[in-house]
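Notes to accompany the following structure.
The values are calculated or read from the model by the stated rules, or taken from the named source; none is laboratory data. Because the structure is a prediction, the values reported are computed rather than measured. FYI the Cβ positions are ideal-geometry reconstructions off the backbone, even for glycines, and counts take in every protein chain you see.
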Amino acid sequence: MPLYTERLVLRGFRLADAPLIAEMVALREVAEGTLNIPHPYLPEMAEQWVAGHPTAAKDDVYNFAITRVSDGLLIGSIVISVAPRFQRAEIGYWLGLTYWNQGYTTEAARAVLHWGFTQLGLHKMCASHFPANPASGRVMQKLGMQYEGTLRQHVRRDGEPFVDLIMYGVLREEFLR
């Protein structure tokens, strides 16, 4: 179930993607913007991660490889985690450092939100970011998401101090206007 945009193809992951994933997320700047990517990140971790993410949904979680139409290059990942009972989902994403500030994340997220609202019948989609990653918040704003609050000292990574999560959300009728 690939999704297509002007510059991107969002597809399932392949084992052949593992070396490039490991290379991109091994950079501290990429890992620090996420909750679940450890640092340091070892190559075998990418293989295990890909093996655990089939091309179809697993437990209402859809993981997409973000690839460029122009050359097929893998540049990042976007995930949608669905709570079917509430017709709600959360999205998360990361992009290789080389591909930051080029609009790829916004383009991929817009496609995933559209798909979630029109194909999965979702009522609401949300996302969150760390205070130290305001660029991710700007992506959420560009998608039409509204600031919904800050969850104070809500998560911690690898034994570090607790950090806030800044929450955004958008309703189907707002997004599809």
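Can you name the residue in the stretch 22-65 that is touching an Asp or Glu at 6+ places or on another chain (Cβ under 9 Å) and either of a type in the set (S, T, N, Q) or over 23 Å from Pro131 (Cβ atoms) (or both) and, of all such residues, is modelled with the lowest pLDDT?
Of the residues in the stretch 22-65, the ones touching an Asp or Glu at 6+ places or on another chain (Cβ under 9 Å) are 22, 38-39, 43, 46, 50, 65.
When the remaining residues are screened for being either of a type in the set (S, T, N, Q) or over 23 Å from Pro131 (Cβ atoms) (or both), the result is 22, 43, 46, 50, 65.
Values: Ala22: 90, Pro43: 82, Ala46: 86, Val50: 88, Ala65: 97.
Step by step, filter the stretch 22-65, then rank; the result is Pro43.
Do we find a residue being of a type in the set (Phe, Trp, Tyr) and within 15 Å of Gly33 (Cβ to Cβ) anywhere in the stretch 128-148? I'd like the intermediate steps shown before the answer.
As a first pass, look at the stretch 128-148 and keep what is of a type in the set (Phe, Trp, Tyr): 130, 147.
Now restrict to residues that are within 15 Å of Gly33 (Cβ to Cβ): 130.
Checking the stretch 128-148: at least one residue is of a type in the set (Phe, Trp, Tyr) and within 15 Å of Gly33 (Cβ to Cβ).
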Need pairs with beta-carbon distance below 6 Å; first residue closer than 16 Å to Glu160 by Cα and within the stretch 121-134, second surrounded by fewer than 22 Cβ atoms within 10 Å (Cβ to Cβ); sequence gap 6+ or separate chains.
Phe130/Val163; Pro131/Asp164
Can you run down the residue pairs with Cβ atoms below 9 Å, 6 or more apart or on separate chains, where the first is in the stretch 81-93 and within 21 Å of Arg110 (Cβ to Cβ) and the partner is aliphatic (A, V, I, L, M) and modelled with pLDDT under 95?
Ser81/Val61; Val82/Ala57; Val82/Val61; Gly92/Leu35
Looking for something farther than 17 Å from Ser81 by Cβ, in contact with an Asp or Glu (Cβ under 9 Å, 6 or more places away or on another chain) and either buried (at least 19 other Cβ atoms within 10 Å of the Cβ) or among the aromatic types (Phe, Trp, Tyr) (or both) - is there at least one such residue anywhere in the stretch 132-145?
no
